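Here's the structure, in C-alpha cells; my notes come after.
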C-alpha cells in the first residue's frame, strides 16, 4: 500500500512499500547548498571547485596565479615546461545507518512501537541523503543477526536496504522473549561496525540503546575515532513514567507480571531509574565526534527534520 502524504507510520509493523514511499515526503531545505563553496570552511563533500585539498584531480601546464607549492617538478623536467598539480576538495559525505530491529525494540505505548519508529527514521535519513547525492549503506540488526549493506548512491541500493529493514521488522513478535542471543547479536554487530576499513563516514545509530551501557560506551567512543557518530535515541513515554493508577498485567513471551501503578514509592523508583539511565546516555554521548538526539514514539511530526 502506498503511503499518502498526510499519513504517518503507526502500529506494530511496517511494510517495504511504506518505507519506500517515504522517499516522497516533504523535507526542510538541505543544510548544504549545491552552489560553489568559497572561503576556508572544510567539509566532506566533493566540491566543483578545484584547489588545494586531499583529492588529486590532474596535472596541467602552469598558469599565472597557480600556487608554486603545487608544481610537479618531475613533469616539469620531462616536458621542459612548468606543470602544476590540481587538487579537488574532498567533500563527499557517505553515510552508514545502524538500524536496530532487535526484540527489545518491539515495545511502545503511544502511536507505534519503537521498532516502527526506528524503521521510519532510517527511511527518512536514507532517502534524504540519497536525494542529496551521497552514498548510503549500513547495517540492520534483527533477531537472527546482522545484515550489512555497502554504501551506494542509487535509489535501488537504498531500496534494498529499506526492504531488509521491513523484513526484519516483520520478524518481531510478542510471542518472542528477549533472548540472551540478542545481547550477543548486538555485541557482534557493534564489533563489526568498529572494524570497518572505510573512515570518516557519517554513522547514524538508530536504536533505543538497550542492554549494557558499558558496551555502548566502548563501541561509540571507538567508532568516534574514525567517524562522526549521530545517535538517534528512540524512546517511549512509558519508559519515563508508569501509566495512570491501576492494576496492570504485563506479558513477555511466557513470562507475566501484575503490578499496581498507584504505589508512589514504585512510581518514584521507576522514574528515578529512567532518569539515571538517560543521564548516563547523555554522558556517554558527550564526545566531540558524537551527537545525541532523542526521538519519541509519541512524536510523529518528523517532516521538519533534516540529516542531508
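What the table below lists for this structure:
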quantity: Selection status of residue 242, at pLDDT 90 or above and touching a helix residue (DSSP H, G or I) at 6+ places or on another chain (Cβ under 6 Å); calculated: yes
quantity: Residue in region 264-278 that is under 18 Å from the mean Cα position of the chain (by Cα) and touching a residue at least 40 places away in the same chain (Cβ under 8 Å) present; calculated: no
quantity: Failed condition for residue 77, given (1) surrounded by fewer than 19 Cβ atoms within 10 Å (Cβ to Cβ); (2) touching a helix residue (DSSP H, G or I) at 6+ places or on another chain (Cβ under 8 Å); (3) in a helix (DSSP H, G or I); calculated: (2)
quantity: Residue within region 125-132 that is closer than 24 Å to residue 236 by Cα, in contact with a strand residue (DSSP E or B) (Cβ under 9 Å, 6 or more places away or on another chain) and in a helix (DSSP H, G or I) present; calculated: yes
quantity: Tally, over region 209-247, of residues that are in a loop (DSSP other than H, G, I, E, B) and in contact (Cβ under 8 Å) with a residue 24 or more places away in the chain; calculated: 12
quantity: Residues located in region 271-301, provided they are closer than 22 Å to residue 135 by Cα and part of a loop (DSSP other than H, G, I, E, B); calculated: 289
quantity: The lone exception for residue 111 - which of (1) within 30 Å of residue 8 (Cβ to Cβ); (2) exposed (fewer than 15 other Cβ atoms within 10 Å of the Cβ); (3) at pLDDT below 90 it fails; calculated: (2)
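Here is a yes/no grid of residues against (1) in a helix (DSSP H, G or I); (2) in contact with a helix residue (DSSP H, G or I) (Cβ under 7 Å, 6 or more places away or on another chain); (3) not assigned by TED's automatic domain parsing to the domain that holds residue 204:
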position	(1), (2), (3)
115	yes, yes, no
147	no, yes, no
150	no, no, no
160	yes, no, no
187	yes, yes, no
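The values are calculated or read from the model by the stated rules, or taken from the named source; none is laboratory data. These figures come from a predicted structure and were not determined experimentally. With ideal geometry, Cβ positions are generated from the backbone for all residues, glycine too; neighbour counts draw on all protein chains shown.
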